[in-house]
Amino acid sequence: MNDWDDLRFFLALARKGSIRGAATLLGVNHSTVSRRIDAFEKKIGARLFERLPSGYFITQAGEEMSHSAAKIEAEINTIGRQVTGRDARLDGVLRVTLHDSLAQKLLMPVFVEFGRSYPEIELDLAITHSMADLSKREADVAIRISNDPPDSLVGRRLVRYATSTYASLDYLAQHGDLKDHKNLTWIGWGDRVQDPQWVRDSHYPDVPARNCICHPLAQLEAAKAGMGLAMLPCFMADTEPTLRRVPPATANPSRDIWILTHEDLRHTARVRRFTDFVAKGILAKKDLLEGKCPL
């Protein structure tokens, strides 16, 4: 057995427990995963998974192999990061993971300008809510919203963004000066109660939260459509001409924005150039992020 690719497919299926999950993780189709696992089991002469209607369940032999395979994976990833970390070229692919609200409402113009400045560097953007594992080389750089980033990563805290309470112009016209709270509603964030802590801490603590929209960009669209009051990041909502902050229109510090990479990659030329460029772009929008630019 000398093919790391076999172990890569094996680990993906062991971790996900289904062909579909493994295929998504590996970026291949379902039949490729099934075919590779069947061929791998035949090559080593051992059954690694039990095929059941509810999914693939790892056997004792598979369990024992998974521990060794995970160690091999860690070593291969370490070697890859160390080799990449010595790369002084300003070309190649740079994998960046970030939340879609940052990509769509803040950073896309910065990425475009970076591409113009460094046309030989190709950005591979993973727009996702999930936290990519940089130690496994799922990404080279992470731009994260967090007040507690992983200790295993290195980088810098750039700014703490602020939130405020918003409503559409139509909603404000419909409800006058908002002094009568009985007809107002918050757009809910998936809380199990109508008065979650963030509502109690707001200037409208007696207004119930209704509906459930757990995605910031969808919350933004719901607020623009007049669904109710919304607690939104200022960098998203202050640029919308149909939204206004509601009284007292204060901006409240919320969470930090970090730009991070793995220790082994911090001196890679394209990583260093990208992180410096993006950090500068984010700090140029510091007033917007901190809620100092309301319409």
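The values are calculated or read from the model by the stated rules, or taken from the named source; none is laboratory data. The shown structure was predicted, so the numbers you read here are calculated from the model rather than taken from an experiment. Heads up, the Cβs are rebuilt from the backbone with ideal geometry, glycines too, and the neighbour counts pull from every protein chain shown.
Things worth noting here:
- Scanning region 230-282 for residues that are touching a helix residue (DSSP H, G or I) at 6+ places or on another chain (Cβ under 9 Å), closer than 18 Å to P149 by Cβ and aliphatic (A, V, I, L, M) returns I257, I259, L260, L265, V271, V278, I282.
- Residue match in region 183-190 (condition: assigned to a loop (DSSP other than H, G, I, E, B), in contact (Cβ under 8 Å) with a residue 24 or more places away in the chain and touching a His at 6+ places or on another chain (Cβ under 8 Å)): yes
- Exactly one residue among Y166, Y171 is modelled with pLDDT of 95 or more, of a type outside the set (S, T, N, Q) and out of contact with any strand residue (DSSP E or B) (no Cβ under 7 Å at 6 or more places or on another chain), and that residue is Y171.
- Only residues that are assigned to a helix (DSSP H, G or I), surrounded by 13 or more Cβ atoms within 10 Å (Cβ to Cβ) and either in contact with a strand residue (DSSP E or B) (Cβ under 7 Å, 6 or more places away or on another chain) or not basic (K, R) (or both) were counted across region 1-58, and they come to 23.
- Those residues of region 20-43 which are among the small types (G, A, S), within 26 Å of the chain's Cα centre (by Cα) and under 11 Å from F9 (Cβ atoms), in sequence order: A22, A23
- Meets criteria (touching a residue at least 40 places away in the same chain (Cβ under 8 Å) and surrounded by fewer than 19 Cβ atoms within 10 Å (Cβ to Cβ)) for T275: no
- Residues that are surrounded by 23 or more Cβ atoms within 10 Å (Cβ to Cβ) and either more than 17 Å from A103 (Cβ to Cβ) or without any contact (Cβ under 8 Å) to a residue 12 or more places away in the chain (or both), drawn from region 210-227: A223
- Filtering region 104-117 to residues that are over 17 Å from A162 (Cα atoms) and hydrophobic (A, V, I, L, M, F, W, C) leaves M108, V110, F111, V112, F114.
- Checking each residue in region 251-270 for being surrounded by fewer than 15 Cβ atoms within 10 Å (Cβ to Cβ), modelled with pLDDT of 95 or more and part of a loop (DSSP other than H, G, I, E, B) picks out no residue at all.
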